[in-house]
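The values are calculated or read from the model by the stated rules, or taken from the named source; none is laboratory data. Quantities reported herein were computed from a predicted structural model and do not represent experimental measurements. Reconstructed Cβ throughout: ideal geometry from the backbone, glycine too, with neighbour counts over all protein chains shown. The protein model used for the area step is the full one, side chains on, heavy atoms only, and it has no ligands, DNA or RNA in it. Shrake-Rupley method; radii C 1.70, N 1.55, O 1.52, S 1.80 Å.
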Amino acid sequence: MRRAFPLLLLLAAFSFPASAHDPDAEPEPDPLWQGTAGLSFLATGGNTDTQSFGVDLGFERLPDPWGLSIVARFNRAEEDGVTTAERYIAGLRGSRTLNDRWSYFAGLQGEQDEFAGIDLRLVAETGVVYNALLGPEHLLSFDLGLTWTDEDRVPPNPDVDFIGGILGLDYAWKISETATFTERLLVYPNFDESDDWRFDSLTALTAALSERYAIQLGYEIRYRNEPIGDNDDTDTLARASLVVNF
């Protein structure tokens, strides 16, 4: 793996697609499907041997008027051969555009993070999205909806399921032709136990190398007001990734 990541960077640097420009050709329509794949890897040696590895996958069908987004993420960290973090998450969300401002959605997400006490958490969601800013420089939308959560916890912690809500913010700032800042914030209240709320924040700065390749710096915060068992209430993740658009 230590040899594979530099090879990926070299491939990204020297395999940019070249195409002839025909001024009389009609512009191609935007593709209905878009996808991204991100890969991050960090290794240190010496007094402490550490490795961290992450994969991000995303596919999106643009609303026409029906849309669909699919995401999957995997993160793993080791120190001196001992696994210190491992998290899997996958989800899909379907949407129906009503007009330029409003749409509604329904989705399902699954997550496993035994280091946070979660053997498997399923979250079903439904609600509406309001687009406050439509671009082109700034995009801002808000989510409001209901959730049902089924949480299988690592023993001896008891399993739970409950009705809750979702409050979300999705912001994108196109800083330049090649740089974009994004922020995704989600708050999950628990209607059965008000103190058991949590939020996720994902901040990223993406710099395009070409139409296909980009470098992304990201910082993720996951907070749970009532952590499971003796686990900490906050998890953070900082990483740099090579992103491929297709």
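Annotations for the structure displayed:
- Solvent exposure of the chain, expressed per residue, is 61 Å² of accessible area, with all protein chains present and a 1.4 angstrom probe.
- Take every Cα pair under 8 Å whose residues are at least 6 apart in sequence, average their separation, divide by the length of the range 84-242, and the relative contact order is 13 percent.
- Residue of T50, T180, T203 that the Gaussian network model of the chain assigns the largest fluctuation, springs spanning Cα pairs under 10 Å: T50
- Its alpha carbons give the range 51-94 an Rg and a Dmax of 15.1, 51 Å.
- Under the Debye formula (equal points on every Cα, no solvent term), log10 I(q)/I(0) of the chain at q = 0.08, 0.11, 0.18 Å⁻¹: -0.37, -0.70, -1.59
- For L133 and L92, the FRET efficiency from 1/(1 + (r/R0)^6), where r spans their Cβ atoms and R0 equals 25 Å, is about 0.45.
- Annotation: extensible slack from V160 through V55 equals 34.9 nm (criterion: 0.36 nm per residue apart, minus Cα-Cα distance).
- Summarising the label geometry, the points placed 7 Å from Cα in the beta-carbon direction at A85 and F191 lie 3.4 nm from one another.
- The chain - mean residue ellipticity at 222 nm from DSSP helices (-39,500 (n - 2.57) per run, n ≥ 4, rounded to 500): -1500 deg cm²/dmol
- The label-point distance for L205 and R76, in a model that sets each label 7 Å from Cα toward Cβ, rounds to 3.0 nm.
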